[in-house]
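The values are calculated or read from the model by the stated rules, or taken from the named source; none is laboratory data. This is a predicted model, so every value here is computed, not measured. No Cβ is skipped: glycine too gets one built from the backbone with ideal geometry, and neighbour counts run over all protein chains shown.
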Amino acid sequence: MKAETGIEGLDELIGGGLPQGRVYLLNGSPGSGKTTFGMQYLTHGASFGAAGLYVTLMQNSEHIVADISTYSLNLPALLKMKKIFFADLGPEMEYGYMDELKEVITPKSDMNPYPVEGEPPSASTVFKKIAAHVAANDIKRVVVDPLSSIRSNQDECLEKMEMARFVRNLQALGCTTLLIDDHPTPVRVSSEHFAADGVILFHNPASDDEDRSLQIIKMRGVPHPISRQAFRFGEKGIEVLGRR
């Protein structure tokens, strides 16, 4: 079974869509189209009854909705119908909190006058949130953005094991999942590139004469081109134009 992406011109390149129940990595620099791709994927599935979850670890979910609503993807209606859900796991503490707290702390207080926000969510924490949404809302499609927010600064071998464990647990959920990574390509090849069932790279143009493009580096079990495919942002989001 395939999960159609809803990206015009892409599904034809990968035999009708993404093999269901797998985990795929979208890799590219800021502004290259990854978030738009993820939301198109969710809205397309939701339009045909497959509920979707967008897990944001950095960007404000309200801003994502506002930006994507400029496209003809019916996002506001799908949100009202509870076909698309957001899990906002990004920073919560507002600036000014520490200043207000310092005003009520005496110099002799043993309290730390410079409290810090809680640790960033771990891969385990994020997975548990996803699993809870999947169980409660019958989620079929998931997007996690960005993956870099749950990478730890621990030993490289331990980090590889943790990220591989994260991917394998997501696969076990049975959802078709997109992991968005914001490392410019192809600077870093990480454990997720090996663990994921597919990898799509997004390239920003090097000059005004070039198009944005995406490149299907890996797609297990699916014949696919590896050449760059030019795309543009149209009325419904990303439209793949073909090899340039």
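Across segment 196-242, which residue is farthest from TYR41 (Cα to Cα) among those that are among the β-branched types (Val, Ile, Thr) and outside any loop (DSSP other than H, G, I, E, B)?
That would be ILE217.
Just wondering, is there one or more residues in segment 8-21 that are within 19 Å of ASP138 (Cα to Cα), at pLDDT 90 or above and polar (S, T, N, Q)?
For segment 8-21, residues within 19 Å of ASP138 (Cα to Cα), at pLDDT 90 or above and polar (S, T, N, Q): present.
Considering only residues of segment 205-234 that are at pLDDT below 90 and surrounded by 13 or more Cβ atoms within 10 Å (Cβ to Cβ), which is nearest to the chain's Cα centre (by Cα)?
In this case the residue turns out to be ASP211.
Just to check your reading of the model, which residue among GLY15, GLY38, GLY9 is farther than 21 Å from HIS203 by Cα and either among the small types (Gly, Ala, Ser) or free of Cβ contacts under 8 Å to residues at least 12 places away in the same chain (or both)?
GLY15
Inside segment 55-82, can you point out the residues that are part of a loop (DSSP other than H, G, I, E, B) and under 23 Å from ALA123 (Cα atoms)?
Selection gives LEU57, MET58, GLN59, ASN60.
With the requirement that a residue be under 23 Å from GLU235 (Cα atoms) and surrounded by fewer than 17 Cβ atoms within 10 Å (Cβ to Cβ), what does segment 12-46 give you?
The answer is GLU12, GLY16, SER29, PRO30, GLY31.
Yes/no per residue for (1) modelled with pLDDT under 95; (2) at positive phi; (3) not acidic (Asp, Glu):
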position: LEU73; (1), (2), (3): no, no, yes
position: PRO91; (1), (2), (3): yes, no, yes
position: THR106; (1), (2), (3): yes, no, yes
position: PRO115; (1), (2), (3): yes, no, yes
position: GLU119; (1), (2), (3): yes, no, no
position: LEU147; (1), (2), (3): yes, no, yes
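Mind checking which residues of segment 47-68 are closer than 20 Å to ASP181 by Cα and either surrounded by fewer than 16 Cβ atoms within 10 Å (Cβ to Cβ) or polar (S, T, N, Q) (or both)?
THR56, MET58, GLN59, ASN60, SER61, HIS63, ASP67
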